[in-house]
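The block underneath contains the structure these notes are about, expressed in C-alpha cells.
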Amino acid sequence: MNPIVEINVQSEIGKLNGVILHTPGEEVENMTPENAERALYSDIINLSIAREEYKQISGVLSKITNTYQVKELLCNILKDDKVKAEVINRIECIEPFISEVSPTGCLKDKILEINAEDLSNLLIEGVEMTKDNLTKFLSKDWYALRPMHNFFFTRDASMSMYNEVLIGRMANSIRDRESIIMQSIFDFTPEFKTRTITIPTADEASPRLRHIEGGDVLIARDDILLIGNGARTSTQAIDMLIYEFMNRKSEKAQHIIVQELPHSPESFIHLDMVFTLLDHDKCMVYAPLILNPGSYQTVHITIQNGKLQNIQSEINLLGALKKLGMDLEPVYCGGTDAWNQEREQWHSGANFFAVGPGQVLGYARNTHTIEAMSKAGFDIIKANDILSNKVDLAKHSKYVITIEGSELPRGGGGARCMTMPINRTNL
C-alpha cells in the first residue's frame, strides 16, 4: 500500500472504491465436527471447494475495485516491532493465558520472536498447544490460540460508518481476536485515514451485554443507520452508539432505525440476512419478517443537537424509510412462494453486496431470488463469465453477478458478510 485511503462509506450502494477481504485459509480446515458448534458452524466446510468459490468473489471484485487482504495488512503492521508488541498486548487482554509461564516457556515471548509473515498466519490460523503440563495434556483443545474460523466474514469485526470505523464487539468470545486484529489494522496502517470507535464493555460480571456485529449495521443514507437487534447485536450496544452520536452535538439530524430480529433459527443472526439495499429505489427483503414484523418491533430514533429528539415504533422498516424520503420497492428473497422464501433465506438469499447503484453480487443457488431480481430489471451475469472476459460489465447498467456457492453458505453468510468496504463514492 502507498496511496492514502480515506475511509468514506455514506451508503450501501455507492460506487465501491475499496474493500477488505479475507480468503479462507487453514483456519477453516482446522475444524472438526466436535468443535464446529463452538466455532459457530452447524457443519464443517470443505476448504478446497470453498476457496474455489471464494475466488469468484475476490476475482470479480479485483476487476471492479481495489481489494485488500486482511493477512497482508496484518503482516505489514507487524513488521514494526513496537506495533507488534502492542498488537500482542491487545490480544493478551482477551487471552491472558498467553503470558502464563510453563515448563517450556511463555507463549507470549515465543510469539514476539516470530517474523511478521509467519505471525500473521499464526494469529489467524491458530497456534498449536504445547502439551507441557498435565492440564494441557488432558485438554481436548489442540490450540493455545484457536483458529479464527469465521474471519472470512470480514464484515462483522469492523464496519465503515461514514468516515470512521466502528469495531465490532463480538457476541461470542471465539471471535474477539478478529476485532483486535481489525482495530489494529486501522490504527496502525498509515495509509488508512480514519478513527476507530469501540463500544465499551458493560462490567466484569456481564462483559458481553454490549455486543454489536457488522452484519447488523447498514448505512442507508448519510443520515440514516439501520441496525438489527437480535442474537448478535444487543440493545445495550445500540444505546452506546446512540450516546456516541449525542455526544457529537451535531446540528444535522441522525436517524437510527432498529429492527428487532428473532434469536432463532440461526439464519436470522444479522439484519443483512433478511434485508439489503440494491439500488436507489430497490431493496431485497425476506418478506415474512421485514414487511410483516409482527411482534418484532421497528423503532425509529432521532438524535439532533446532542439530544434524543424522538423514539417511536414504526409499522415496518420500509415504512420508516419512506417517511424519511427513501421510497424503496421490495424484491422478495425466494420469490412470492412462502416455502421458497424460507429455503432461500436459510442460504443467504437476501444477503447481497452492492458494488454500485443497481450492481450487486449474490449466490446463484438461490434460483427463485435470482428470478425475482431478473423480473425487477437486473441482468443476471455469471461470475465466471466476467473472470473469463466473456462479459463486459460496462455494457450493463443494472446487474446481479452470481457466485457459485455450495460450501461458502454453510458458514452462514453471503456476499455482504464476506466484504468490508472502506470507500464508496458519495451518492
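For the stretch 364-384, state whether one or more residues are of a type in the set (S, T, Y) and open to solvent by 10 Å² or more (accessible area, probe 1.4 Å).
Going residue by residue through the stretch 364-384, those that are of a type in the set (S, T, Y) are 367, 369, 374.
Still in the running and open to solvent by 10 Å² or more (accessible area, probe 1.4 Å): 367, 374.
Within the stretch 364-384 (the criterion being of a type in the set (S, T, Y) and open to solvent by 10 Å² or more (accessible area, probe 1.4 Å)), the answer is yes, since at least one residue qualifies.
Of all residues in the stretch 45-55, which are β-branched (V, I, T) and surrounded by fewer than 19 Cβ atoms within 10 Å (Cβ to Cβ)?
Filtering the stretch 45-55 for residues β-branched (V, I, T) gives 45, 49.
Hit for the stretch 45-55 is I49, nothing else.
Which residues, counting only those in the stretch 294-341, are touching a Pro at 6+ places or on another chain (Cβ under 8 Å) and either under 20 Å from D216 (Cα atoms) or part of a strand (DSSP E or B) (or both)? Even if it seems obvious, please write down each step before you answer.
Looking only at the stretch 294-341, we keep the residues that are touching a Pro at 6+ places or on another chain (Cβ under 8 Å), and these are 296, 316-318, 338, 341.
Those that are touching a Pro at 6+ places or on another chain (Cβ under 8 Å) and either under 20 Å from D216 (Cα atoms) or part of a strand (DSSP E or B) (or both): Y296, N316, L317, L318.
The conditions are (1) hydroxyl-bearing (S, T, Y); (2) at pLDDT 95 or above; (3) closer than 28 Å to E266 by Cα; (4) surrounded by fewer than 24 Cβ atoms within 10 Å (Cβ to Cβ), and S406 fails exactly one of them. Which is it?
All conditions are met except number (2).
If a residue counts only when it is within 30 Å of K15 (Cβ to Cβ) and open to solvent by 40 Å² or more (accessible area, probe 1.4 Å), which helices (runs of 4 or more DSSP H) contained entirely in the stretch 56-132 have at least 1 such residues? Write out each step before concluding.
Details: elements: 70-78, 81-94, 107-112, 116-125.
Passing ranges, in order: 70-78.
Out of the residues in the stretch 21-44 meeting the condition of being open to solvent by 10 Å² or more (accessible area, probe 1.4 Å) and at pLDDT 80 or above, tell me which one is nearest to the chain's Cα centre (by Cα).
Among those that are open to solvent by 10 Å² or more (accessible area, probe 1.4 Å) and at pLDDT 80 or above, it is T23.
Of everything in the stretch 171-204 that's aliphatic (A, V, I, L, M) and touching a residue at least 60 places away in the same chain (Cβ under 8 Å), which residue is nearest to I238 (Cα to Cα)? If you could, list the steps in order and put the result at the bottom.
Residues of the stretch 171-204 that are aliphatic (A, V, I, L, M), as a first pass: 171, 174, 180-182, 185, 197, 199, 202.
Now narrow it down to the ones that are touching a residue at least 60 places away in the same chain (Cβ under 8 Å): 171, 174, 180-182, 185.
Values: A171: 13, I174: 22, I180: 20, I181: 23, M182: 20, I185: 24 Å.
Going through the qualifying residues, I end up with A171.
W142 fails exactly one of the following numbered conditions: (1) in contact with an Asp or Glu (Cβ under 8 Å, 6 or more places away or on another chain); (2) open to solvent by less than 20 Å² (accessible area, probe 1.4 Å); (3) more than 22 Å from E6 (Cα to Cα). What is the number of that condition?
It is condition (2) that W142 fails.
Considering only residues that are more than 16 Å from L209 (Cα to Cα) and out of contact with any strand residue (DSSP E or B) (no Cβ under 8 Å at 6 or more places or on another chain), which ones fall in the stretch 154-184? Write out each step before concluding.
The initial filter retains those residues of the stretch 154-184 that are more than 16 Å from L209 (Cα to Cα), namely 154-166, 177-184.
The answer is D156, E178, I180, I181, S184.
Could you look through the stretch 153-164, keep only residues that are more than 18 Å from T23 (Cβ to Cβ) and either of a type in the set (F, W, Y) or over 12 Å from the mean Cα position of the chain (by Cα) (or both), and pick out the one that is surrounded by the fewest Cβ atoms within 10 Å (Cβ to Cβ)? Before the answer, list the steps.
Looking only at the stretch 153-164, we keep the residues that are more than 18 Å from T23 (Cβ to Cβ), and these are 159-164.
If we keep only those that are either of a type in the set (F, W, Y) or over 12 Å from the mean Cα position of the chain (by Cα) (or both) as well, we get 161-164.
Numbers: M161: 19, Y162: 17, N163: 13, E164: 17.
Among those that are more than 18 Å from T23 (Cβ to Cβ) and either of a type in the set (F, W, Y) or over 12 Å from the mean Cα position of the chain (by Cα) (or both), it is N163.
Does A171 satisfy the condition of being more than 18 Å from the chain's Cα centre (by Cα), crowded, with 18+ Cβ neighbours inside 10 Å, aliphatic (A, V, I, L, M) and farther than 18 Å from V83 by Cβ? Even if it seems obvious, please write down each step before you answer.
Details: more than 18 Å from the chain's Cα centre (by Cα): no; crowded, with 18+ Cβ neighbours inside 10 Å: yes; aliphatic (A, V, I, L, M): yes; farther than 18 Å from V83 by Cβ: yes.
So A171 does not fit the description; no.
The values are calculated or read from the model by the stated rules, or taken from the named source; none is laboratory data. Just so it is clear, the model here is predicted, and its values are computed rather than measured. Quick reminder, even Gly has a Cβ in these numbers, built from the backbone with ideal geometry, and neighbours come from all protein chains shown. With ligands, DNA and RNA removed, areas are computed over all heavy atoms of the protein, side chains included. Shrake-Rupley method; radii C 1.70, N 1.55, O 1.52, S 1.80 Å.
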